[in-house]
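Report on one structure; see the data block that follows.
What follows is calculated from the coordinates using simple rules that are stated; it is not laboratory data. Because the structure is predicted, anything quoted here is derived from the model rather than measured. Cβ coordinates were reconstructed from backbone atoms using ideal geometry, including for glycine residues, and neighbour counts include every protein chain displayed.
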Amino acid sequence: MGGRLILLPGLAADERMYQGINCSCRELVTPRLLIPRRQETMACYARRHVEALDVAADDVVGGCSFGSLVASEIARQHPCRGLVLLSGAVSSQAVVSKGQQLNRWATWIPYPVIRHILTRRWFLQRVFGGGTEAQLALGRTMILEAPAQLVREGGRLAVSYFPQQDIAVPVFALHGAQDQVIRPPQLSELELLDEAGHGMVVSHANTVSQFLDRCCQELF
C-alpha cells in the first residue's frame, strides 16, 4: 500500500503536536520543519522539504498553521495526491492582522522578548482557545525549544506568502470556528469545529484523526 500522509507542524512547534493523532489508513509522517535561510523564498523553502522528505506523487501533503502554508507551496510545485489543511490556509491572506503584526515585529524585536510573549499563559490560551494544563505545557515546551531562526524567518514567510499559482490537487480543510490566528479558508471541502481554536490538533486530536481518516479514504 503506497502513499504517505505527510503533516508539517506549526511555527515554533514540532512533531510532538501530532502525538495524539492516530491516522489508521495511511503511514503518517510528521517531520520537523527545516530552518529557513535568511531571506529565503517560500518556493525555495518548500523545495528543500520536497527533497528532504522525498515527496512522491502518491503522497498526501499537509500541515498545521505555518506548516499548511509550506505544504500548499509543495502542492503547487510538486506532484502529489492531495493537500490537507489543519488550522491552515493556502496563502498569507488568511492570517489575521494581529498575527501578521506579531510576525513582522519578530524580525527586529530581541528573540528573548518574543519567546517571553509566546510562552505567556494568556497567549497560549488565545492560541488554543482554552486548553488543558498539559496542552498549554506542551505548547510552552515546544516554543522554548524552537530555534530562534525558525521562528524569525518562518514568521517572515508566514506573512509574505501570496502565490499566484492555483493548486491543482484536491484540498481538504479542518478549521476551528474559534480560531483567532488564521481565518477559515474559502474552500468547498471545509469542515468547521464549532468549539475549537487554532490549537485544535492538540485539543481535539480524536476529531482531527477522524477527519484525516476520511480524507485518506477519499484520496486513496
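Quick notes on this structure:
- Relative contact order of segment 106-220, defined on C-alpha pairs under 8 angstrom at six or more residues apart (%): 26
- Cβ-Cβ FRET estimate between Glu145 and Glu40, R0 fixed at 22 Å, reported to 0.05: 0.50
- Counted residue by residue at 0.36 nm each, then reduced by the alpha carbon distance between them, the extension gain from Glu27 to Ala56 reaches 9.1 nm.
- Here the simple spin-label model places points 7 Å from the Cα toward Cβ, and for Phe162 and Arg183 these points are separated by 1.4 nm.
- Rounded if a/c under 1.5, otherwise prolate or oblate - segment 142-188, Cα gyration tensor axes: oblate
- Stretching Gln19 away from Gln210 to a fully extended chain increases their span by 67.3 nm, per 0.36 nm per residue minus the current alpha-carbon distance.
- Look at the Cα gyration tensor of segment 88-213: its axes a ≥ b ≥ c give a/c of at least 1.5 with a/b at or below b/c, and that counts as oblate.
- Between Val113 and Gln77, the distance separating the two model label sites (each 7 Å from Cα on the Cα→Cβ line) works out to 3.3 nm.
- Most tightly packed first, judged by the mean number of other beta-carbon atoms within 10 Å of their residues, the peptides 178-184, 165-171, 121-127 read 178-184, 121-127, 165-171.
- Taking 0.36 nm per residue of separation and subtracting the current Cα-Cα distance, fully stretching the chain between Arg47 and Val96 would add 15.0 nm.
- Working value for the chain: equivalent-ellipsoid semi-axes of 25, 20, 16 Å, each the square root of 5 times a Cα gyration tensor eigenvalue, largest first.
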